[in-house]
Amino acid sequence: MLILDGAQAASDTRDRLDLDLITPIDVYAVAEAMGIRIRFLPVSMEGFYRKGVPPCIMLSAFRPLARKAFTCAHEIGHHWFGHGSTIDELKGDDRQDSEIPEEVLANAFAAFMLMPTIGVRRAFNSRGWSPATVNPLQVLTIASEFGVGYDTLLTHLSMTLNDMPRNVRAELGKWTPQRIRKRILGDDDAEGLVILDDRQRSAGVDLEEGYALAVPANATVSGHVLTPRQSIEGFDVYNAVGRGRATITTSCWQIEARVAPASFIGPAKYRFLEDPDE
């Protein structure tokens, strides 16, 4: 029942903000639209929600990029349900270990806010893929589209949506983003890898300096924050080398790539400014 309540709250939030149930979201823009301030701090925790006027969410600057986004959505869930100020300690990527009702609600809210059922199933169907037969690279591609972690998507597919058999989830769980990255790039010097293919529906993608971004071959990239790295089958790979924004255009879509410093500390709205004094 709590999972369903979280899913309904996520749907209601998207509806209130005039967001559909298909397109990936910018979770930080969602928080801002709800009047919530976001700040990254140099602390060893997942995040902290402070109830007040204005409400505030503090996130660890040291956590992985996709993890920060999920934690932000989790803290927005606490806000939506009217929970009191809450500290979330460091946890595993799937966040399925809590039995505290408030945490279950916030986890479900975050999962469905970032990965709505219709949107995730469309992402698979539009590519002719099935969660029952998907491979690690395909999982990472869809996780990249929704801005979530590899394991987070696997957990959502297998435990929440029941779209992926448990044995398939167990086999895919033997792969890590680092292992996939090394298989694709041939080395492991990138801090992370984000893959955008022709079928993706996101309007923007967040990166950090040191990340690699794979886009369809012959995509046009404008801006100096991304530099060519290598070409692989069907994709050109770029390194995120500077703070700022770039525009990527293909025959199917145009997207804004936003690059923040690694372990950025400060208000979230300033993380992409090329000149910190701005």
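The values are calculated or read from the model by the stated rules, or taken from the named source; none is laboratory data. This one's a predicted model, so the numbers in the text were calculated from it and none came from an experiment. Note that we place each Cβ from the backbone using ideal geometry, even for glycine, and neighbour counts take in every protein chain shown.
Report yes if some residue within region 224-235 is assigned by TED's automatic domain parsing to the domain that holds Gln138, in contact with a Ser or Thr (Cβ under 7 Å, 6 or more places away or on another chain) and either free of Cβ contacts under 8 Å to residues at least 12 places away in the same chain or within 30 Å of Lys269 (Cβ to Cβ) (or both); otherwise report no. So that I can check it myself, show each step before the final result.
At the first step, the residues of region 224-235 found to be assigned by TED's automatic domain parsing to the domain that holds Gln138 are 224-235.
With the extra rule that they be in contact with a Ser or Thr (Cβ under 7 Å, 6 or more places away or on another chain), the set shrinks to none.
So far as region 224-235 goes, no, none of its residues is assigned by TED's automatic domain parsing to the domain that holds Gln138, in contact with a Ser or Thr (Cβ under 7 Å, 6 or more places away or on another chain) and either free of Cβ contacts under 8 Å to residues at least 12 places away in the same chain or within 30 Å of Lys269 (Cβ to Cβ) (or both).
Given the criteria more than 22 Å from Arg127 (Cα to Cα) and not basic (Lys, Arg), does Thr160 qualify?
On the way: more than 22 Å from Arg127 (Cα to Cα): no; not basic (Lys, Arg): yes.
Answer is no for this residue.
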In region 237-250, what count of residues is obtained for those that are part of a strand (DSSP E or B) and surrounded by fewer than 18 Cβ atoms within 10 Å (Cβ to Cβ)?
3
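Being of a type in the set (Lys, Arg) and under 19 Å from the mean Cα position of the chain (by Cα) is the filter here; which residues of region 226-253 pass it? Outline the logic, then answer.
Start the filter on region 226-253 by keeping residues that are of a type in the set (Lys, Arg), which leaves 229, 243, 245.
Passing the criteria: Arg243, Arg245.
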Filtered residues of region 25-49 (kept if surrounded by fewer than 18 Cβ atoms within 10 Å (Cβ to Cβ) and touching a residue at least 12 places away in the same chain (Cβ under 8 Å)):
Glu32, Ala33, Met34, Gly35, Arg37, Arg39, Leu41, Pro42, Val43, Ser44, Met45
Of all the residues that make up region 182-202, how many are in contact with a Leu (Cβ under 8 Å, 6 or more places away or on another chain) and either of a type in the set (Gly, Ala, Ser) or within 24 Å of Ser126 (Cα to Cα) (or both)?
7
Please pick out the residue among Val221, Val259, Val215 that is aliphatic (A, V, I, L, M), assigned to a strand (DSSP E or B), within 25 Å of Glu32 (Cβ to Cβ) and touching a residue at least 24 places away in the same chain (Cβ under 8 Å).
Val259
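Only one of Ile87, Ile57, Ile22 is surrounded by fewer than 17 Cβ atoms within 10 Å (Cβ to Cβ), of a type outside the set (Phe, Trp, Tyr) and in a strand (DSSP E or B); which?
Working: Ile57 fails: surrounded by fewer than 17 Cβ atoms within 10 Å (Cβ to Cβ); Ile22 fails: in a strand (DSSP E or B).
Answer to the check: Ile87.
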Would you confirm whether any residue within region 184-196 is surrounded by fewer than 18 Cβ atoms within 10 Å (Cβ to Cβ), touching a residue at least 24 places away in the same chain (Cβ under 8 Å) and in a helix (DSSP H, G or I)?
yes
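Test of understanding: among Gly84, Gly77, Gly147, which residue is in contact (Cβ under 8 Å) with a residue 24 or more places away in the chain, closer than 27 Å to Cys252 by Cα and not hydrophobic (A, V, I, L, M, F, W, C)? Before you say what the answer is, go through the steps one by one.
Numbers: Gly84 fails: closer than 27 Å to Cys252 by Cα; Gly77 fails: closer than 27 Å to Cys252 by Cα.
Going through Gly84, Gly77, Gly147 in turn, just one is in contact (Cβ under 8 Å) with a residue 24 or more places away in the chain, closer than 27 Å to Cys252 by Cα and not hydrophobic (A, V, I, L, M, F, W, C): Gly147.
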